[in-house]
Amino acid sequence: MGNRTGKIAKMTLTLTLVGALNLTGFGAVSEAADTAGLTGNKPAGGEQFFISDIQFLNETTGRAAGNGYMIGTSDAGQNWQNIYKGTWQFSQLDFINNKQGYALAKSAANGPNALLYTNDGGHTLTKIKTGNIHLERIDFSNDKQGFGYTRAFAYSTADGGNHWSKLSTPPNTRYGKFIDTNQGFALTVHPGYGYKLHKTTNGGKKWDLRLSVPSESLSGGQIAVNGQEVWVRMDGGAGMSQQSYALYASDNFGSSFRKVISQDTAGGGEAPGESDGYLDIGPASPAGHPGNLALVKGAAYLAGFSPAGEKIGVGRSTDGGATWTNQPFIMGYESIISFTNVKDGWMADSSLLHPAIYRTTDGGKTWTETLELEQPDA
């Protein structure tokens, strides 16, 4: 399939919405359909634009960001407007409300993330020094309290990131997720065996083993928590543009788990874990790669993408993992998702081949393209 980046973005950018959009903290709407008005003419750190993260706060208000730009919408993606153009290459958005938020971004493509803060919706970004702590993920609950994670360690802050306290985590931790200063989960790797999931209820002073999963390959994973639901993705081997992985779910805050997806692939080998899952393939299959988990009240979503198969899509459960449905896929190459409820969600194709944003109002069964970024002229 050829490169589709020369197409005009499917959106309407009209001046009639300027007043309404300014009330939400975004800037003026671009007058032209040319998306250079949103992103600028030159990507930061490269030759082509891509979308690195997308975050929606509710059914209408959200942001997306990439290499040198941040854009926002207040009408569910029908119209987009520029918030920031510059040199920051964004890795993650973590807005608390429509004015206050944090972000991780790099000043060089291969450099460490910087922690940024804004109180005007993203127009102005203030760098917060973190010393030798090079954060890979952040999770703020308000403008002061939050958690930060490196590859192996977890930290907490109570003053907006100006000071960080290291939290005790098990040895060989590769993914941490704290819900508050007492409760958290940690995924550890054990060469020659596989993965183990641990839980703490006293801020890391003691960790209890909740799940042991043998795996021939150890390539990472993710933990997502919402209320009593805990979802854990464990990645196996990868090869031939294929990824093996397992997805586990708990509906009782980690007291017990069930295996939901167990995806073996020819290129990646067997999935972690010896038992069968509810399904043996995930979204955007066959042999799709797992994307990020998004948990909302009443549903858990997993993004999926297959670069070789040119597919992106989602799968979901509405019963704590007792059952799972892979929704129909659409054309694409890589994906990131953000859902605000059981039905409303957004998916970004984060590839260089087709940087675009899609919206669903039926839980991922169908998608409508709301924006496609144009690439600079070669």
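The values are calculated or read from the model by the stated rules, or taken from the named source; none is laboratory data. Here the structure is a predicted model, which is why all the values come from computation and not from measurement. As a convention, Cβ positions derive from the backbone with ideal geometry for all residues, glycine included, and neighbour counts pool all protein chains shown. To get the accessible areas, we keep the full protein, side chains included, count just its heavy atoms, and leave off ligands, DNA and RNA. Shrake-Rupley method; radii C 1.70, N 1.55, O 1.52, S 1.80 Å.
Couple of notes before you dig in:
- Here residue 109 fits the description: among the aliphatic types (A, V, I, L, M) and more than 18 Å from the chain's Cα centre (by Cα).
For every residue, the table says whether it meets (1) open to solvent by 10 Å² or more (accessible area, probe 1.4 Å); (2) in a strand (DSSP E or B).
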| residue | (1), (2) |
| --- | --- |
| 274 | yes, no |
| 287 | yes, no |
| 292 | yes, yes |
| 314 | no, yes |
| 320 | no, no |
| 323 | yes, no |
| 354 | no, no |
| 369 | yes, yes |
| 377 | yes, no |
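- Selection over segment 356-367 of residues that are in a strand (DSSP E or B), touching a Ser or Thr at 6+ places or on another chain (Cβ under 6 Å) and farther than 21 Å from residue 82 by Cα gives a count of 0.
Condition check ((1) under 18 Å from residue 329 (Cβ atoms); (2) modelled with pLDDT of 95 or more) across all residues:
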site: 285; (1), (2): yes, no
site: 290; (1), (2): yes, yes
site: 293; (1), (2): yes, yes
site: 297; (1), (2): no, yes
site: 303; (1), (2): yes, yes
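- Some residue of segment 197-208 being touching a strand residue (DSSP E or B) at 6+ places or on another chain (Cβ under 6 Å), assigned to a strand (DSSP E or B) and over 21 Å from residue 169 (Cα atoms): no
- Breaking point among (1) under 20 Å from the mean Cα position of the chain (by Cα); (2) in a strand (DSSP E or B), for residue 219: (2)
- Scanning segment 256-272 for residues that are open to solvent by 50 Å² or more (accessible area, probe 1.4 Å) and assigned to a loop (DSSP other than H, G, I, E, B) yields a total of 4.
For (1) at negative phi; (2) open to solvent by 30 Å² or more (accessible area, probe 1.4 Å), each residue gets a yes or a no:
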residue: 162; (1), (2): yes, yes
residue: 170; (1), (2): yes, no
residue: 179; (1), (2): yes, yes
residue: 182; (1), (2): yes, yes
residue: 188; (1), (2): yes, no
residue: 197; (1), (2): yes, no
residue: 201; (1), (2): yes, yes
residue: 204; (1), (2): no, no
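- Residue list for segment 222-255, filter: assigned to a loop (DSSP other than H, G, I, E, B) and either in contact with a helix residue (DSSP H, G or I) (Cβ under 7 Å, 6 or more places away or on another chain) or farther than 20 Å from residue 189 by Cα (or both): 227, 228, 240, 241, 251, 252, 253, 255
- Boolean, residue 78 is at pLDDT 95 or above, part of a loop (DSSP other than H, G, I, E, B), open to solvent by 30 Å² or more (accessible area, probe 1.4 Å) and within 21 Å of residue 93 (Cα to Cα): yes
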